[in-house]
Amino acid sequence: MKWLFFISVYTISLSVCGQKVNSDFKKLRIGFSFSPDMGNRIFTDDNQDGLFKFTEYRDDYKFGYTTGFSLCYNTNRNWGFEIGIQYANKGYQSSTSDLLYGDYIGGNRIYDTQDPVIETYIGRYNFHYLDVPLRALWIVGEGNLRFVSSIGITSNFLMGVTETSILELENGNRPRHTFVRSDEYKSFGLSPTLSLGLDYHLGEMFQLRVEPTFRYGLIESGDPRYFSNFHEHLISAGLNFTCYYTLK
């Protein structure tokens with residue numbers, strides 16, 4: 001199936017290489033992007049204790065997204081640079097069906113004997129960032145459809161963290177509560193990014209770009225005062241759609 005995909009893309013690229021494009025080289029473009037993402041976290045651990053193993057075991061991916069504006073400057077037909085400003089919703093989801101009395105169930109709450117029987121606890125952590133991405137672009141091809149790859153670094157400015165606690169009770173109810181937890185996390189991060197995708201010209205003024213993108217939190221997201229036994233790094237992968245408008 002992978003070979004079929006690459007053969008199909010190669011065939012399409014050959015078919016459009018003969019199409020005419022605007023002979024005037026355009027250097028400056030402004031773009032609007034949206035990327036549906038899947039986020040999670042990974043750990044580096046100092047002590048290799050049971051807390052690390054348990055926390056890693058129960059984590060799952062969470063849906064998120066990244067959206068914003070960018071300014072792209074092409075130095076020539078094959079190389080360019082891009083800077084932008086974006087809002088990013090990142091995070092992860094944790095769940096367990098083996099709660100014991102005294103276990104954490106969201107906010108400052110613990111599972112108490114006075115609580116109804118909880119069959120499953122789900123904790124959904126949303127990290128709200130203002131991102132400033134900077135990346136270098138490499139573009140190859142001569143027709144309307146071209147290949148594009150990029151490498152870059154994104155500055156992450158934390159605006160807030162919310163946790164949504166969902167309790168699946170024995171009686172069938174699913175109460176949920178949302179808590180603010182920003183004081184436990186670092187206000188600044190850096191995320192190296194990689195992407196590889198396709199670039200398609202929609203006439204002389206518009207351009208559509210589709211890029212699978214991976215982001216890794218280089219700086220641990222948790223404040224060491226609260227996360228002393230392990231270091232938490234946020235990761236996300238998505239499919240980034242960008243529509244560019246040519247300025248000059």
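Extending each Cα 7 Å along its Cβ direction at residue 223 and residue 136, get the distance between those two points in nm, one decimal.
Each label point is offset 7 Å from its Cα along the Cβ direction, giving 3.7 nm.
Treat every Asp and Glu Cβ in region 104-226 as -1 and every Lys and Arg Cβ as +1, leave all other atoms uncharged, and give the resulting dipole magnitude about the Cα centre to the nearest 20 debye.
It comes to approximately 240 debye.
Hey, for a label at residue 119 modelled as a point 7 Å past Cα toward Cβ, could you say which residues of region 148-174 have their backbone N under 18 Å away?
It comes to 166-174, nothing else.
Does anything in region 193-215 have its amide N under 20 Å from the 7 Å Cα→Cβ label point of residue 77, and if so which residues?
So the set is 197-209.
Within a Cβ distance under 12 Å of residue 170, other residues only, what is the Lys/Arg minus Asp/Glu net charge?
-2
Please give every one of the aspartates and glutamates within straight-line cross-link reach of residue 26, meaning a C-alpha to C-alpha distance under 12 Å, and leave out same-chain neighbours fewer than 8 residues apart.
204
Each reported figure results from applying straightforward, stated rules to the coordinates on display, with no laboratory input. Keep in mind that this is a model prediction, so the values were computed, not measured. Every residue, glycine as well, gets a Cβ built from its backbone with ideal geometry; the counts of neighbours run over all protein chains shown.
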